[in-house]
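These notes are about the structure you will find just below.
Just so you know, all these numbers are worked out from the coordinates, no wet-lab data involved. It should be emphasised that the depicted structure is a prediction, and the values quoted were computed from it without experimental measurement. Don't worry about glycine lacking a Cβ; one is built from the backbone with ideal geometry, like all the others, and counts go over all protein chains shown.
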Amino acid sequence: MSSAICFALLTTFTILLSYSSLSDGLQPRRISHGLTESSKYLTRDELWFNQTLDHYSPSDHRKFRQRYYEYLDHLRVPDGPIFMMICGEGPCNGIPNDYITVLAKKFDAGIVSLEHRYYGKSSPFKSLATENLKYLSSKQALFDLAAFRQYYQARSNDSLNVKFNRSGNVENPWFFFGASYSGALSAWFRLKFPHLTCGSLASSAVVRAVYEFPEFDQQIGESAGPECKAALQETNKLLELGLKVNNKAVKALFNATELDVDADFLYLIADAEVMAIQYGNPDKLCVPLVEAHKNGGDLVEAYAKYVREFCMGVFGLSSKTYSRKHLLDTAVTPESADRLWWFQVCTEVAYFQVAPANDSIRSHQINTEYHLDLCKSLFGKGVYPEVDATNLYYGSDRIAATKIIFTNGSQDPWRHASKQTSSPELPSYIVTCHNCGHGSDLRGCPQSPMVIEGDSKNCSSPDAVNKVRQHIVEHMDLWLSECRGGIRSSM
């Protein structure tokens, strides 16, 4: 999903790729990814589209302004493909210059990107009170994409057909992209609107909603390796003991004195270790921690230094993300993505990253009851994650669609919520290397901070990444050629 500041790291992955943003999705709490430097964007020029608020009500005609971006420098006019880069659970501040840029050059394609409803500047309401969040769902988001695609192709004065002076029944071939939660949206769009895209790339796509997700923590231990896992387990035991002895002093080491609920603090501690593994920087975490463990050093101080200098200093992780006061804030701000993603977690997908019953790294205080209590505290008694309904509607990892490419990094804990085996017309690839995490096929290594054009040279096995990318190109080439063979008319 994500990873996801996309919950916890899905929750954290909100950052980074959702195009979901590092600045917005760094924490493991969200699944997306954010970028902050203008040089890392192809464009940051904002465009606007009047979107329908409720696609399921024929009598509700309310609209809201939805932000989008376009980059047409590589487009072969007038019939080149259009790549839709789906934004996920965080502000969409532009079109990032990742591996999709390389694909756009290869296929002579234009790129457009639509901000997810409610996130960033695309909020339908001035208040994010629970009653105003009823239109925040993946189902509504998919309809947003369909409506925008039709608008951009042929139904506006700024449409491609008007720009290129073509009749309204001619279309460019479209291909959809996403990673983490937006990767799931990419797959689900092909499932629900197969006539509107030639295919989809679903990178680290969290298509399987999961109520209790102990596999997440288990994968962190496996990816970290036995020495680092043992050091992390010992560190967490020391932290839990320290909270009982000198609560404020322990939290101060992590710049987290604002977290009154100990379990919220321990969630931050768990997410911080995930950030290194998920985003391709395992050595930043494990090298100093294993050294301290072997030499009898101060494990808590070694871990606190990693959190302060790397997670907070480089990635922008903030204890505020875990603060209930912050998550209860209903004002629309640049930091609202934390509350918004929790609403999606608490209503649709869960991904509750609970501690495994045995051999856990994270604290056992992070359990199902913790998550349900947080959902109730933030949104009221009636909010509950309808995981079974979500999987019934989309098909989970048995999604019955065609022409979707699934990719996952071998070290990424979110891959256990994705489709990891191939089936007819649904190829699935695992990018295997020491630092191949969330969205490695699109972002390279490390996944954050961002690597221009997703360069794979810093992956421990560039060949592994490049081999999967070659498969992506081959599938896209075939599916786009099949699309061109029967250009469809606009609906």
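By the rule of a C-alpha distance below 19 Å, with chain neighbours fewer than 8 residues away ignored, the lysines paired with Lys251 are Lys237, Lys305, Lys320, Lys325. Rounded to the nearest 20 debye, the dipole size of the range 185-295 about its Cα centre is 320 debye, using +1 on the Cβ of Lys and Arg and -1 on the Cβ of Asp and Glu.
Which one of Leu378, Tyr306, Cys459 is farthest out on the positive end of the charge dipole of the chain, using unit charges on Cβ (Lys, Arg +1; Asp, Glu -1) and the Cα centre as origin? Comparing the listed Cα positions along the dipole, Leu378 ranks first.
Sorting 345-352, 375-382 by average packing, meaning the other beta carbons within 10 Å per residue, from highest down gives 345-352, 375-382.
When DSSP beta bridges are restricted to pairs lying wholly in the chain, around 40% turn out antiparallel. The helix-based estimate of mean residue ellipticity at 222 nm for the chain, built from -39,500 (n - 2.57) per DSSP H run of four or more residues and divided by its residue count, is -11000 deg cm²/dmol to the nearest 500. Here the dipole of the chain is about 1120 debye; that uses its Cα centre as origin and unit charges on the Cβ of Lys and Arg (positive) and Asp and Glu (negative). Backbone amide hydrogens, once placed in the peptide plane, bring Tyr429 within less than 5 Å of Phe406, Thr407, Asn408, excluding anything fewer than 5 places away on its chain. Placing one equal scatterer on every Cα of the range 211-387 and applying the Debye formula, the log10 ratio I(q)/I(0) at q = 0.13, 0.16, 0.17 Å⁻¹ is -0.65, -1.00, -1.12. Projecting the Cα atoms of Leu196, Leu268, Gln353 onto the dipole axis of the chain, where Lys and Arg carry +1 and Asp and Glu carry -1 at the beta carbon, places Leu196 farthest toward the positive end. This model, with +1 at the C-beta of Lys and Arg and -1 at the C-beta of Asp and Glu, gives the range 151-212 a dipole about its Cα centre of some 140 debye.
With kT/(6 pi eta Rh) evaluated at 4 °C and eta = 1.567 mPa s, and Rh the Kirkwood radius from Cα pairs, the range 421-491 diffuses with a coefficient of 95 µm²/s according to Stokes-Einstein. Mean sequence separation of contacting Cα pairs (under 8 Å, at least six apart), scaled by the length of the range 211-387, corresponds to a relative contact order of 33 percent.
Proximity of backbone amide H atoms, modeled 1.01 Å from N, is registered between Leu42 and Ile95, Asn97 at under 5 Å, excluding neighbours fewer than 5 places apart on the same chain. For the chain, the convex hull drawn through the C-alpha positions has a volume of 126 cubic angstrom per residue. Tabulate in residue order the Karplus-calculated ³J(HN,Hα) for the range 95-110, using 6.51 cos²θ - 1.76 cosθ + 1.60 with θ = phi - 60°, rounded to whole Hz; enter x for Gly and Pro. Per-residue couplings from phi come out as 9, x, 8, 9, 5, 4, 4, 4, 5, 4, 5, 5, 9, 6, 10, x Hz. Working note: Karplus 6.51/-1.76/1.60 with θ = phi - 60° gives the range 414-423 the couplings 6, 5, 6, 10, 10, 9, 9, 10, 6, 9 Hz, where Gly and Pro are set to x.
Projecting the Cα atoms of Tyr211, Ser323, Ala129 onto the charge dipole of the chain, computed from C-beta unit charges around the Cα centre, puts Ala129 farthest toward the positive end. A straight Cα-to-Cα reach below 19 Å connects Lys105 with the lysines Lys40, Lys467, residues fewer than 8 places away in its own chain not being considered.
Per residue, the average separation of C-alpha pairs within less than 8 Å and at least 6 apart gives the range 58-142 a relative contact order of 37 percent. When the convex hull of its Cα atoms is viewed from all sides, the range 156-217 shows a mean projected area of 5.7 nm².
Note on Lys244: aspartates and glutamates with a C-alpha under 12 Å away, same-chain residues under 8 apart excluded, are Asp262.
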